[in-house]
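S.K.: Starting off with a structure, shown below.
The values are calculated or read from the model by the stated rules, or taken from the named source; none is laboratory data. The structure presented is a predicted model; accordingly, all values stated were derived computationally and were not measured. Glycine gets a Cβ as well: all are built from the backbone with ideal geometry, and neighbour counts include every protein chain shown. For accessibility, only protein heavy atoms count, side chains too; no ligands or nucleic acids. Shrake-Rupley method; radii C 1.70, N 1.55, O 1.52, S 1.80 Å.
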Amino acid sequence: MAYIVVKESKPLRGTVRISGSKNAVLPIIAATLLVDGVSVIKSVPDLRDVSVMSDLLRYLGAKVEYDGETLIVDAREIKDTEAPYNLVNKMRASFLVMGSLLSRFNTAKISMPGGCAIGTRPIDLHLKGFRAMGAEIVSDHGYVEAHAEKLSGSKIYLDFPSVGATENIMMAAVRAEGITTIENAAEEPEIVDLANFLNKMGAKVRGAGTNTIKITGVEKLEAVEHTVIPDRIEAGTYMVAAAMTKGDVFVDNVIIDHIKPVVAKLIEVGCTVEEHENGVRVIGTDKIMPTNIKTLPHPGFPTDMQSQFMAMLCMAEGKSTITETVFENRFMNVPELIRMGANIEINGKSAIVEGRDKLTGSEVMATDLRAGAALVISGLVAEGETIVKNIYHIERGYVDLVGKLSRLGAEICKVEESV
Ligand code: EPZ
């Protein structure tokens, strides 16, 4: 198994270019199944999750080509509407094909996505939406089967503004008879990007980015071309890396509006953040001030940035409190950071971080992609050498993390362990 070796490095300097958004492109790839045509998706990040989703579409009968930037999906000959366990269990976002298959073929059978380290990750809200639109749902033998003569518009209240449920219901609703209203919908930028893609295809989706989304069913959809938004979480990760190392980094290809909570919190801890046309410049500070973080659905502070901020606050001049309200188990990085000398105490949904002036390099393990990235950037400021294992988590969601960091001056490399 490969691992990453990162040494205490000089302050990061230079420019890093952000790739397309993993969490925008995955539902958009699922949405290409809606049409019997050839969709062209640009600015597609070269990630493990993208190849898993592409393999799933190939299994269903689509032809998928990818050149590292542009993904072409020919969904004219879908021969199957069943997504098997061996593919879905690699990535829970595979479940996002359910809405498209149900919309186009009135039937779908998808293996139930497993939970993962950060939580049980249920799908009850996805199914609540499909049922409300008239689908019959049967869950047994580890699969969820949905059938509907014809989906009809309905009013659906999401008990939690689930990103995936909002996306799946949107895709199922684009051809349903009448109007579907999603109340307490997720407002993330990735929802807006999906809605823009669907509307380009001829769908009628209104209100994406607010907590109420109305989808008016249409007869015809056409395959189109779309460029995916930049990855706001990748951008935030490099912004924190610049802050932690007291560096000066221009993070290029960023939509400022998507990273407001991250900018606000970096300024609170004492960094300088300059907003430019197409990116942000982050200048670190000698003294990182403590702050309090509470993760919330967008536009609140993103849960996907919690681990990175926890790593940075381990070096703050005082006590910070981090409260995780989105997932039930997203503090797995704590024991790893404690191995590096951090002083953190978990108290229910909160972690109390007592800043130290130094972390020490250690052998640590990634438990999810954001926790893994946080350990790598911790290694940049820890005394000595840090070895990060289980980096397959990281490679699911970060394009060339090692290359991008080393071009900013990090002393970092990936080691392929001989078996
Ligand atoms: C998306 O996951 C992202 N993944 C996650 O990013 C992100 O952390 C999450 O949204 C929250 O922003 C992708 O977009 C591929 P949710 P998703 O449904 O859709 C509960 C990363 O690091 N819930 O909004 O699975 C659930 O248990 C990943 O890139 C239900 O109760 O997230 C959780 O507590 C990690 N019932 C909360 O909602 C449901 O039917 C948020 O989940 C669905 C969800």
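S.K.: Got a sec? Charge dipole of the chain, +1 on Cβ for Lys and Arg, -1 for Asp and Glu; which of ALA316, SER54, ALA186 is way out at the positive end?
M.R.: ALA186
S.K.: Stick to Cα atoms and the Kirkwood definition of Rh, then tell me Rg/Rh for the chain.
M.R.: Details: Rg = 21.4 Å, Rh = 21.8 Å.
On the Cα set of the chain, Rg over Rh gives 0.98.
S.K.: Let me ask something else. Using a 1.4 Å probe, what is the accessible area per residue for segment 19-93, in Å²? Could the numbers behind the result be given before it?
M.R.: On the way: 2780 Å² over 75 residues.
That works out to 37 Å² for each residue.
S.K.: Further, regarding this structure: Setting aside same-chain residues fewer than 8 positions from LYS349, which lysines have a Cα under 22 Å from its Cα?
M.R.: In chain and number order, the partners are LYS265, LYS294, LYS319.
S.K.: Averaged per residue, what accessible area in Å² does segment 97-251 show with a 1.4 Å probe, protein chains only?
M.R.: Values: 5470 Å² over 155 residues.
Normalised by residue count, the accessible surface of segment 97-251 is 35 Å².
S.K.: What is the extension gain from ARG407 to ASP124, computed as 0.36 nm multiplied by their sequence separation minus the C-alpha to C-alpha distance, in nm to one decimal?
M.R.: Numbers: separation 283, 0.36 × 283 = 101.88 nm, distance 4.36 nm.
That works out to 97.5 nm of additional length.
S.K.: Taking the Cα-to-Cβ direction at ARG206 and at LEU296 and moving 7 Å from each Cα, how far apart do the two end points lie in nm?
M.R.: The modelled label-to-label distance comes out at 2.8 nm.
S.K.: Kindly state, as a whole number, the per residue volume in cubic angstrom of the convex hull around the alpha carbon atoms of segment 243-334.
M.R.: Details: hull volume 8.2 nm³, N = 92.
Each residue corresponds to 89 Å³ of Cα convex hull volume.
S.K.: Mind checking the dipole of the chain: about its Cα centre, +1 per Lys or Arg Cβ, -1 per Asp or Glu Cβ, Debye to the nearest 20? Could the numbers behind the result be given before it?
M.R.: Details: 45 positive and 55 negative charges, 75 e Å.
Charge dipole, the chain, about its Cα centre: 360 debye, nearest 20.
S.K.: Hey, can you rank 18-29, 382-393, 274-285, 224-235 by average C-beta count inside 10 Å, highest first? It would help to have the intermediate numbers written out before the result.
M.R.: Working: 18-29: 26.5, 382-393: 19.3, 274-285: 16.2, 224-235: 23.1.
Sorting 18-29, 382-393, 274-285, 224-235 by mean packing, highest first, produces 18-29, 224-235, 382-393, 274-285.
S.K.: In whole percent, how big is the carbon plus sulfur part of the accessible area of the chain, probe 1.4 Å, protein atoms only?
M.R.: Values: 7840 of 16090 Å².
So the carbon and sulfur contribution to the accessible surface is 49 percent.
S.K.: One-quarter of the Cα convex hull surface for segment 1-133, in nm²? Kindly include the intermediate steps, with their values, before the conclusion.
M.R.: Numbers: hull surface 42.8 nm².
The Cα convex hull of segment 1-133, projected and averaged over all directions, gives 10.7 nm².
S.K.: How much accessible area per residue does segment 276-419 have, in Å², with a 1.4 Å probe?
M.R.: Numbers: 5810 Å² over 144 residues.
On a per-residue basis, segment 276-419 sits at 40 Å².
S.K.: Sticking with this one: Round to the nearest 0.05 the FRET efficiency obtained for GLU345 and GLU277 when R0 = 45 Å and r is the Cβ-Cβ distance.
M.R.: Given R0 = 45 Å and the Cβ-Cβ separation, E is 0.60.
S.K.: What does the accessible area of CYS271 come to, in Å² to the nearest 10, when a probe of 1.4 Å is used?
M.R.: In the full protein context, CYS271 sits at about 10 Å².
S.K.: Expressed in nm to one decimal, what extension gain is obtained for the pair GLU77 and THR107 from 0.36 nm per residue of sequence separation less their Cα-Cα distance? It would help to have the intermediate numbers written out before the result.
M.R.: Details: separation 30, 0.36 × 30 = 10.80 nm, distance 1.58 nm.
Gain on extension, GLU77 to THR107, equals 9.2 nm.
S.K.: Another question, if that's okay. Treating only the Cβ atoms of Lys and Arg (+1) and Asp and Glu (-1) as charged, compute the dipole magnitude of segment 106-260 about its Cα centre; round to the nearest 20 debye.
M.R.: Numbers: 15 positive and 21 negative charges, 66 e Å.
The calculated dipole for segment 106-260 is roughly 320 debye.
S.K.: For a paramagnetic label modelled at 7 Å from the Cα of ASP67 toward its Cβ, which residues of segment 8-25 fall within the zone defined by backbone nitrogen distances under 18 Å?
M.R.: Answer for this model: 20.
S.K.: Right, next: Per 0.36 nm of contour for each residue apart, how much would the distance between LYS260 and TYR85 grow if the chain were fully extended, relative to their Cα-Cα spacing? Don't skip to the answer; put the middle values down first.
M.R.: Working: separation 175, 0.36 × 175 = 63.00 nm, distance 3.79 nm.
Between LYS260 and TYR85, full extension yields 59.2 nm more.
S.K.: Go from 0 up to the bin containing the longest alpha carbon distance in segment 357-419, width 5 Å each, and give me the % of pairs per bin.
M.R.: Binned Cα distances yield the sequence 4, 18, 28, 29, 16, 4, 1, 0.
S.K.: Between ILE352 and THR15, what FRET efficiency follows from the Cβ-Cβ distance if R0 is 41 Å, with the result rounded to 0.05?
M.R.: E between ILE352 and THR15, to the nearest 0.05, is 0.70.
S.K.: Can you send over the solvent-accessible area of LYS246, 1.4 Å probe, protein chains only, in Å² to the nearest 10?
M.R.: Approximately 90 Å² for this residue.
S.K.: For the modelled label position 7 Å from the Cα of ASP55 along Cα-to-Cβ, which residues of segment 74-105 have backbone nitrogen atoms closer than 15 Å?
M.R.: 83-95, by backbone N distance to the label point.
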